[in-house]
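The values are calculated or read from the model by the stated rules, or taken from the named source; none is laboratory data. The structure displayed is predicted, hence computed values, not measured ones. Glycine gets a Cβ as well: all are built from the backbone with ideal geometry, and neighbour counts include every protein chain shown. Only protein heavy atoms, including side chains, enter the accessible area calculation; ligands, DNA and RNA are left aside. Shrake-Rupley method; radii C 1.70, N 1.55, O 1.52, S 1.80 Å.
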Amino acid sequence: ASAAEAGAARGFASDNQASVHPDVLAALATVNAGHQPAYGADAVTARLREIVRRHFGERAEVFPMFNGTGANVVSLQAMSERWSSVVCPESAHINTDECGAPEKIAGLKLVTVPAPDGKLTPELVETHTTGFGNVQRRQPAVVSITQSTELGTVYTPEETAAVAAAAHERGMSVHMDGARIANAAASLGVPLRALTTDAGVDVLSFGGTKNGLLLGEAIVVLNPDAARGVDYLRKSSMQLASKMRYVSAQLIALLEGDLWLRNAAHANAMARRLEAAARTVPGVEITQAVEANAVFAIVPKTAAERLRKRFPFYTWDERTGEVRWICSFDTTETDVDAFTTALTEELSG
């Protein structure tokens, strides 16, 4: 098989494995003419700033980044001191899947909180923010939440506002890892600012790659009083793009119209279709509420191993046999139906 054919298997492992949306590729071609000032002084990035303020409010400041880990690490650095701690769920991406970057690069202490549905609550924030003023202990500075969560669940605006209020009452700031914030907004039928600016979030890591971009995320500082030095931290963290217009153009393609919403809504719809079909298969147990574009389920290990040879996906918890199936903007009904047919075959075989 050719390299193209070898990589052509469609599956449910991650929305990072999806293709690039044609409108995003077209946007790259459009800005690929002539010269523009480097490092964000270009006209394309200026246009992005206008569009981001339209979505998030007039105080919003946007900083295009290469990837989500960079956006998270720079955000947390800008919101904290070297002696600070960050409260987050145990399942948070900053804790489980960033190779210790927030702790290694930012020098922070992550205080992880058991959260079976992936969501923090005001009570959990209160319980796990202690030691203020004690020189022996890391000082709680930031509460970090993820939208949608690593377990595919979604914070309502009211839930986010309650967590933010609990953090702010303790003099802490609120960071949101929004790698899949578009999926959350599409699920709830609300604008992006309802989940962020209006709910008291101070700094957002806005995700693009999982929603149709080639590469590119952004830090959106919603409350300039809560972050400092993002420009310098972005450079010292090796996240400053010299030809920034190519990252900005992709984000514009996503945000200028409703592409961000259409892509996310489709991925969510495919996840609901997958969930509905999987629930009818004997031996499958859905383990989390399907509120965005992820389906979590427990499947017998041997059946999962056979199925994975036909459709790529990840095991989430080796102990329980819980697996994760992610749908993307380019997942089709045919993909879902073929997968659920194979799932039925493997569990009945």
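Between the alpha-carbon centres of the range 289-332 and the range 146-203 there is a gap of 26 Å. Which of these, GLU305, GLU318, GLU217, has the largest mean-square fluctuation under a Gaussian network model of the chain (Cα springs below 10 Å)? Maximum fluctuation in the GNM of the chain, among the listed residues, is at GLU318. If you plug the beta carbon distance of THR302 and ALA269 into 1/(1 + (r/R0)^6) with R0 = 30 Å, you get a FRET efficiency near 0.45. Of LYS309, LYS119, LYS301, the residue with the greatest mean-square motion in the GNM of the chain, using alpha carbon springs below 10 Å, is LYS309. How big is the accessible area of HIS55 in square angstrom, nearest 10, if you roll a 1.4 angstrom probe over the protein chains? Using a 1.4 Å probe on the heavy atoms, I get roughly 30 Å².
Helical content alone sets the calculated 222 nm signal of the chain at -11500 deg cm²/dmol, taking -39,500 (n - 2.57) per DSSP H segment of four or more residues and averaging over every residue. Across q = 0.16, 0.22, 0.24 Å⁻¹, the range 189-258 modelled as identical point scatterers on its alpha-carbon atoms has Debye log10 I(q)/I(0) values of -0.66, -1.14, -1.23, in the order of the q list.
Modelled spin labels at ALA41 and GLU126, positioned 7 Å past Cα toward Cβ, are 5.2 nm from each other.
Taking +1 at the Cβ of each Lys and Arg and -1 at the Cβ of each Asp and Glu, which of ALA60, ALA269, GLY107 sits farthest along the dipole of the chain towards its positive end, judged by Cα position relative to the Cα centre? Farthest towards the positive end: GLY107. For the range 230-262 versus the range 205-229, the inter-centroid distance based on Cα atoms is 8 Å. Taken along the Cα-to-beta-carbon direction at a fixed 7 Å, the label points for ARG279 and SER236 span 5.1 nm. Distance from the Cα centroid of the range 41-100 to that of the range 16-30 is 22 Å (rounded to whole angstrom).
Provide the FRET efficiency to the nearest 0.05 for the THR334-THR30 pair, computing r from the beta carbons and using R0 = 41 Å.
The value I calculate is 0.85.
Placing +1 on each Lys and Arg Cβ and -1 on each Asp and Glu Cβ, with no other charges, gives the range 12-103 a dipole about its Cα centre of roughly 380 debye. Note on the range 55-161: with charges restricted to the Cβ of Lys and Arg (+1) and Asp and Glu (-1), its dipole about the Cα centre is near 460 debye. Cut-off 10 angstrom, C-alpha nodes, Gaussian network model of the chain. Which of THR332, THR69, THR302 fluctuates the most? Greatest mean-square fluctuation among the candidates belongs to THR302.
How do the peptides 80-91, 26-37, 260-271 rank, highest first, by the average count of neighbouring beta carbon atoms within 10 Å per residue? Let's see the in-between values first.
Values: 80-91: 19.9, 26-37: 12.3, 260-271: 22.9.
Sorting 80-91, 26-37, 260-271 by mean packing, highest first, produces 260-271, 80-91, 26-37.
Roughly how many debye, to the nearest 20, is the charge dipole of the range 22-256 about its Cα centre, given +1 on each Lys and Arg Cβ, -1 on each Asp and Glu Cβ, and no other charges? List each step's numbers first, then the result.
Working: 20 positive and 24 negative charges, 140 e Å.
Here the range 22-256 has a charge dipole of around 680 debye.
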